[in-house]
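Single-structure report; data block below.
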Amino acid sequence: MALPRGGRTEAGRAGEGFVSNAGARRLWRFRGGVHPPQHKQVSTTLPVRPAALPARLTLPLHQHIGEPAEPLVKRGQQVLKGQLIARPQGYVSAPVHAPTSGTVVDIGEYPVPHPSGLSAPCIVIEADGEDRWIDHAPVADYQSLSPSELRNVIREAGIVGLGGAGFPTYIKLNPGHRKALDTLILNGVECEPYITCDDMLMRERAGEIAAGIGIVRHALQARQCLVAIEDNKPEAYDAMCRATAHLEDVTVVQVPTLYPAGSEKQLIKVLTGKEVPSDGLALHIGVVCTNVGTAAAVHRAIDRGEPLISRLVTVTGGAIGRPGNLEVLLGTPMEELIHQCAGDSGAIERLVMGGPMMGFALHRFDLPVIKTTNCVLALTAAELPPPRPVMPCIRCGACADVCPVNLLPQQLYWYSKAKDLDRVQEYHLFDCIECGCCSYVCPSNIPLVQYFRYAKGDIWTREREKEKADIARRRHEFRLERLAREKAEREARRNRKKAALQADTARREKQAEIQEAIARTQARRRAAMKAAETQRRKAQQTARGRERPSPAARNAGGEGGNEKSGAPAGMTEDAPQGKDE
Amino acid sequence: MMAAIIALTLLAVVFGLMLGFAAIRFKVEGDPLVDKIDALLPQTQCGQCSYPGCRPYAEAIAKGEADINQCPPGGETTIIALADLLDRDPKPLNPENGTVKPKMVAVIDEQRCIGCTLCIQACPVDAILGAAKHMHTVIESECTGCELCLPPCPVDCIDMVPLGQDILTWKWPYPEEAAPKPAVLEKAS
């Protein structure tokens, strides 16, 4: 990214052959790699100094890979050093602790060290200068804790990978379904130019790292431990050898200096000859790789009860008068570190977090140091390569020669440039570790890694959008279904009402019919009675005319007539009653 | 001669039966092409394509009634994806359907909202929450930015605001190459 180059590198040709070093241990060699100028000695002349306590500390809630933490404090609240101020949300997350005692003055959006230059939620603490610790106690005997309990302590201490990626350590220390692990690799390679914080940590605090190794091994139940250190750090190698001499199955290994030997998969290849599968984790081949700084942080959390609130930061670059390593509280503004190392803000052409190969340029100087800040690199105009025009790709293949993961950067470049996101994945874009070797050797000055980062981001965005579209589709379909259901329900209600109404009129009609029938029969009965009456009268008249009948005979005749006409009338009245029932 | 005719007739009958059986046994329910097209559309359900939703537009494309360049929210990406799927030439977005805009979400000004529920009825993805005479609000994560809630609002209390970018959604930009174009290409163009 920011290094002047001297033509092709000598790393050159890929080879499977192993490189032997002083010891008898067999080492392998990963493919590709480059030898950029080191610039490391400038920041190793001074011992590690503690940085001055800043007046204000800005603590981003998202300093790790995964979900951001959730604040637990309110504005105006007093906090003590080491107090939990934000708890993790979800499984892949890490808590944040107060690096010093003071008052929470704000919780809100502040600029954070990120390539975007955007702001993110932060907790701002104004230090009271007393630096008063909260009550904390070490774990008395970690050997008595189960690995799972140990991981919980590490999770609560907010420890994440301090090598630069910031992956929550407690997840890494979980061997999953495996009962035990074969190899634990402690990564002290530090292959990026300029950065020396791991080197200085190993030189000065090898004991802490050795103590951390014991704890991490206990959590993982690892059979053996390898401490890998590049052969350009002999002092660190000696110190680590001395510190780990009393430990069983711990070997300190010097690995040949070659960028990017400090990358997890490449280091595993160098030490064990095994390759991590493209879609797998190191754990799948029985290896866990962790940074030396992380091991020291684990030691502090377990043996002293101190959460992760500070780290070593290399402050270096041409614009720094007294480059060196500082022990910095998280949240300290970088410009204060630059001042403390006699930096000249005016001379800084580009401020980089991380190294020149994989770091990114910062947009301002007052950004806070976070858990993944291993280096603050202040480069002057003289150190930056002169801007060279980007030329067309000439298909020289230099990028493919140096790629440590066996990719074809030029193919990836063509497809990324053409935004052909499917093809670029066919060429295994997501195996790219963004080490920058290809951009470093490109004779046409093509910013290859930037294309790959762009393509990765575009693919992620596309996937996010696809997910969102799927949700929208489901919601829309559900809505249509709901509307259809509501309509059907309305229709059904209306139909029921209609049917009820119809049934009602039918019943009324039937009632009317019955009434009519009753009326008819009654009318008939009346007519019949009338007829019988007139007949009787006629008979009486004729009888009176013929002879005067005796009163007894008249009575009997009347009764008989009555009986005759009464019977059918009773039957007609019965019939409609039966019908009605 | 006769043998050949009989043999061919037999073969024709056998294959005819096999095809007929396959047509029944392996019958495809629905139109898979419509599903494939629908999967490429952005599902904003905005109706800018002149169809009442993404699925009807997908059906229209499958039938050949609609062209592939009528989806403004999908933009160039969708047009290219559709062109790939249907083996057609990509073409620029039809300006009659609208222009490509940055992603937006609807925001209800809660001071002005009178709780009329008209926007709730208009929202194609049920992303507005509220009840009659109660304040409404938009569920930001579910809003597709279709703008269908704007016209029914009697008090104009809904605004479209561009979706803010945060660190989690930020992506590296396309590298800018300040490279002088090679002479060959210039001549060609």
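None of the figures in this text is laboratory data; all of them are computed from the coordinates on show. This one's a predicted model, so the numbers in the text were calculated from it and none came from an experiment. Note: ideal-geometry Cβ built from the backbone for every residue, glycine included; neighbour counts use all protein chains shown.
Of note:
- Taken over the Cα atoms of chain A, the convex hull encloses 298 Å³ per residue.
- Each Lys or Arg adds one and each Asp or Glu takes one away; over the other residues whose Cβ falls under 10 Å from the Cβ of A:Cys432, this sums to 0.
- Highest mean packing comes first when the peptides A:350-357, B:88-95 are listed by Cβ atoms within 10 Å, giving A:350-357, B:88-95.
- Annotation: peptides A:227-240, A:42-55, ranked by per-residue average of other Cβ atoms within 10 Å with the highest first, follow the order A:227-240, A:42-55.
- Computed from the Kirkwood radius of its Cα pairs, the Stokes-Einstein diffusion coefficient for chain B at 37 °C and 0.692 mPa s stands at 156 µm²/s.
- Distance histogram in 10 Å bins (all Cα pairs of the stretch A:266-321, percent per bin): 18, 29, 27, 23, 3
- Centre separation in Å (Cα based) which lies between the stretch B:131-180 and the stretch A:87-109: 29
- Considering all different alpha carbon pairs of the stretch A:252-355, the Kirkwood hydrodynamic radius works out to 16.8 Å.
- Within chain B, helices built from complete DSSP H runs that reach 27 Å or longer along their own axis (Cα positions) and carry a mean Kyte-Doolittle hydropathy of -1.0 or higher are B:2-25.
- For the stretch A:147-251, the fraction of C-alpha pairs farther apart than 22 angstrom is 32 percent.
- Among the GluC sites (Glu not before Pro) in the stretch B:47-79, those located in a DSSP loop and surrounded by at most 13 other Cβ atoms within 10 Å of their own Cβ are B:Glu65.
- The stretch B:104-162: relative contact order as a whole-number percent, Cα under 8 Å and 6+ apart: 48
- An ellipsoid equivalent to the stretch A:298-350, defined through the eigenvalues of its Cα gyration tensor, has semi-axes of 28, 10, 7 Å when rounded to whole angstrom and sorted largest first.
- A protection proxy built from the mean count of other Cβ atoms within 10 Å ranks the segments A:332-341, A:74-83, A:91-100, most packed first, as A:91-100, A:332-341, A:74-83.
- Dividing the mean sequence gap of close Cα pairs (under 8 Å, 6+ apart) by how many residues the stretch B:32-97 holds gives a relative contact order of 31 percent.
- Dimensions of the stretch A:428-529 along the principal axes, based on C-alpha atoms and rounded to the nearest Å, stand at 130, 18, 11, largest first.
- Backbone amide hydrogens, once placed in the peptide plane, bring B:Val105 within less than 5 Å of B:Val161, B:Leu163, excluding anything fewer than 5 places away on its chain.
- The angle separating the long axis of helix A:448-546 from the principal Cα axis of greatest extent in chain A is about 10 degrees.
- Qualifying aspartates and glutamates (Cα of each under 12 Å from Cα of A:Lys510; at least 8 residues distant if same chain): A:Asp580
- Here's the list of lysines a cross-link from A:Lys233 could span, going by alpha-carbon distance under 23 Å and ignoring same-chain residues fewer than 8 apart: A:Lys40, A:Lys265, A:Lys269.
- Hz values of 3J(HN,Hα) by residue in the stretch A:78-85 - Karplus curve (6.51, -1.76, 1.60), Gly and Pro given as x: 7, 10, 9, 4, x, 6, 5, 10
- Computed over all pairs of different Cα atoms, the Kirkwood value for the hydrodynamic radius of the stretch A:55-201 is 17.2 Å.
- Globularity ratio of the stretch B:104-162, using Cα Rg and 2.2 N^0.38 Å: 0.95
- The order of A:Asp128, B:Asp87, going from fewest to most other C-beta atoms within 10 Å of their C-beta, is B:Asp87, A:Asp128.
- Under Karplus coefficients 6.51, -1.76 and 1.60, residue-wise ³J(HN,Hα) of the stretch A:29-37 in Hz, glycine/proline x: 10, 7, 6, x, x, 9, 10, x, x
- Violating pairs (Cα-Cα greater than 19 angstrom) within the set A:Lys74/A:Lys371; A:Lys172/A:Lys456; A:Lys81/A:Lys371; A:Lys468/B:Lys36; A:Lys466/B:Lys171; A:Lys419/A:Lys456: A:Lys74/A:Lys371; A:Lys172/A:Lys456
- Taking other C-beta atoms within 10 Å as the exposure proxy, B:Phe26, A:Phe30, A:Phe365 rank B:Phe26, A:Phe365, A:Phe30 from fewest upward.
- Exposure proxy order (Cβ contacts within 10 Å, fewest to most) of A:Ser439, A:Ser148: A:Ser148, A:Ser439
- Rounded to the nearest 10 degrees, the angle from helix A:147-156 to the longest Cα principal axis of chain A is 90 degrees.
- Averaging 1/r across all pairs of distinct Cα atoms in the stretch B:32-97 and inverting the result yields a Kirkwood radius of 11.3 Å.
- Rounded if a/c under 1.5, otherwise prolate or oblate - the stretch A:361-520, Cα gyration tensor axes: prolate
- Across all directions, the average flat footprint of the convex hull enclosing the Cα atoms of the stretch A:60-109 is 3.2 nm².
- Folded to 0 to 90 degrees: helix A:551-580 orientation relative to chain A principal axis, Cα: 10
- Shown for the stretch A:208-289 is the translational diffusion coefficient from the Stokes-Einstein equation, using the Kirkwood radius over Cα pairs, a temperature of 4 °C and a viscosity of 1.567 mPa s: 96 µm²/s.
- Stokes-Einstein D in µm²/s, Kirkwood radius over Cα pairs - the stretch A:302-441 at 10 °C with 1.306 mPa s viscosity: 91
- Within the straight-line cut-off of under 17 Å between alpha carbons, the aspartates and glutamates reachable from A:Lys497 are A:Glu486, A:Glu489, sequence neighbours fewer than 8 places apart in one chain being disregarded.
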